[in-house]
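> Sharing a structure below in structure tokens format, with a few things to ask.
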Amino acid sequence: MSHPALKMRAMLDDRDWVVDAFSRIRDGTERLAAQLHPEDMAIQAMPDASPTKWHLAHTTWFFEEFILKAFEPDFAPHHEAYGYLFNSYYDGVGPRWARPDRGLLSRPTVADVFGYREAVTRRTRELIERSGESDWAAIAPILELGLHHEQQHQELICTDIKYALSLNPIAPTAFASPEPRPTIANDPETDDIAWVSFNGGLFEFGADGADFHFDNEGPRRRAYLDDFELAATPVTNGDFLAFINDGGYDDPRLWLSDGWDWRKARAATRPLYWRSSDNGWSEFTLHGERPLDRAAPASHLSAYEAFAYATWAGARAPTEFELELATLTAHDGAAEFLDPHAIGGGGRAHPTPVARPAAGKVGGLAGGVWEWTTSAYAAYPGYSPPDGAIGEYNGKFMSSQLTLRGGSCLTPEGHWRPTYRNFFPPAAQWQCAGLRLARGPVALRV
Ligand SMILES: [Fe+2]
């Protein structure tokens, strides 16, 4: 089992608990990497997808740069060049190696990077155990951010190596086969959509500060919603196949202008990891190439594909606040997140079918697939990033991206919360993102 949710901010006063959480999350990253070969860990298949080795080092650099450098007595860097190599995008920290060229670094070796991890983990653990109360008050929130940052990169390790291995014609397996997926009572592929109705009104959204949250989830804000409906389950592979078979990729009326340009430029005819052969449809997964599970949520869709599907289906994608309201008021409680410690031992890193929930409830809101929304990734009223370089974490990316909600099966357990806002450009396909249909505003009740 994985560690209890890190969002228990009050637990930061219990240093034994923090050491345990820190050690377990650092170890979880290494468990994922242990499934791979050193040659896997070095490759970079596109600028957006970094090598596993870089993720292993960058998450380590975060603790070294923002905690050890500031608070460790007689600090000295583990290696003079690592700050330059493994800074991701913090201009306030200094210059950095170019992102598209991360795959060119055969040195430091994977072994060097594991040595870096071990040293910084040990030094950080000692600081947690030995720092005075005033230092600890400053360290604790940065450490908590660093652990959530590490969990974000656990998801990126999965999505990035999946993309890289998908380009290999021998279709390598990243993670050992999982236990068989659970069977569900209703097959979402063949069921009609169950719609759940929500009354509109003025609601409060966003993080209240009691638990951990990223800066972009606050401050609390109000938003007015019209009446709307949400599908009780996400769009399935079977649903999406009907869109393909109906010529959805060939009908420009279904696509946004940018989306149609994107579709033509890529000659896209199917989701990123789908393949067809004489044996029918298959899908490349982290567990190897598998027959397409038509009842499972469609995944690795760009927002353009998701929105074209929604238009074809006579519906639309939801807003981020519609999904947050549903998560807070109608979630069926089921969740499907990543347990890094279970990968290789039967654990799953691919979405499974979402069971139809009880009437009035919504399933698949926690994990499974991220859900594209039509909401621009923008600041909430009153938002201001934190002072210093750490303020670059989220705020400077608030342009030309869309918000995704709900987490995925590659999001580590304990990392997600209902106010969580992920964000990617609409063309991004390599994240485990799908879609839930929405309708309205309409006169839902008389
Ligand atoms: Fe990062």
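Any read-out appearing in this document is the output of simple, stated calculations on the displayed coordinates, not a laboratory observation. None of these values were measured; they are calculated from a predicted model. A quick note on method: Cβ atoms are made from the backbone with ideal geometry, for glycine too, and the neighbour counts reach across all protein chains shown.
> With no solvent and one point per C-alpha, what does the Debye sum give as log10 I(q)/I(0) for the stretch 195-445 at q = 0.14, 0.15, 0.18 Å⁻¹?
Computed log10 I(q)/I(0) values: -0.97, -1.11, -1.52.
> Given charges of +1 on the Cβ of Lys and Arg and -1 on the Cβ of Asp and Glu, with all other atoms neutral, how large is the dipole of the chain about its Cα centre, in debye to the nearest 20?
Roughly 560 debye, rounded to the nearest 20.
> Here are some pairs, Lys361/Lys396; Lys53/Lys162; Lys264/Lys396; which of them have Cα atoms lying more than 26 Å apart in this structure?
From the list (Lys361/Lys396; Lys53/Lys162; Lys264/Lys396), the Cα-Cα distance tops 26 Å for Lys361/Lys396; Lys264/Lys396.
> When the Cα centres of the stretch 97-156 and the stretch 382-446 are compared, how far apart do they sit, in Å?
Rounded to whole Å, the Cα centres lie 24 Å apart.
> Also, quick follow-up: Do the sum for the chain: with -39,500 (n - 2.57) for every DSSP H run of n ≥ 4, divided by all residues, what is the mean residue ellipticity at 222 nm, to the nearest 500 deg cm²/dmol? Please report the intermediate quantities before stating the final value.
Working: 10 runs with 136 residues, N = 446.
That comes out to -10000 deg cm²/dmol.
> What does the charge count near Pro425 come to, summing +1 for each Lys or Arg and -1 for each Asp or Glu among other residues with Cβ under 12 Å from its Cβ?
Residues close to Pro425 contribute a combined charge of -2.
> Moving to a separate point now. Residues with beta-carbon under 15 Å from that of Glu204, excluding Glu204: net charge, scoring Lys, Arg +1 and Asp, Glu -1? Can you show the working numbers first?
Values: positive: Arg220, Arg221, Arg222; negative: Asp208, Glu217, Glu320, Glu322, Glu324.
Summing Lys/Arg as +1 and Asp/Glu as -1 gives -2.
> Dividing the alpha-carbon radius of gyration of the stretch 4-166 by 2.2 N^0.38 Å (N being the number of residues), what value is obtained?
1.02
> Any idea what diffusion coefficient the chain gets from Stokes-Einstein, in µm²/s, Kirkwood Rh on alpha carbon pairs, 37 °C, 0.692 mPa s?
On the way: Rh = 22.7 Å.
After rounding, the answer is 144 µm²/s.
> Using Cα springs under 10 Å in a Gaussian network model of the chain, which residue among Arg316, Arg417, Arg130 shows the largest mean-square fluctuation?
Arg130
> Per residue of the stretch 152-162, what does 6.51 cos²θ - 1.76 cosθ + 1.60 with θ = phi - 60° give for ³J(HN,Hα)? Whole Hz please, x for Gly and Pro, Karplus curve as stated.
4, 6, 4, 5, 5, 4, 5, 5, 6, 6, 4
> Another question about this same structure. Quick query: amide H of Leu402 versus all other amide H atoms, modeled in the peptide plane; which residues come in under 5 Å with a sequence gap of 5 or more or a different chain?
It is Tyr377, Phe424, by chain and number.
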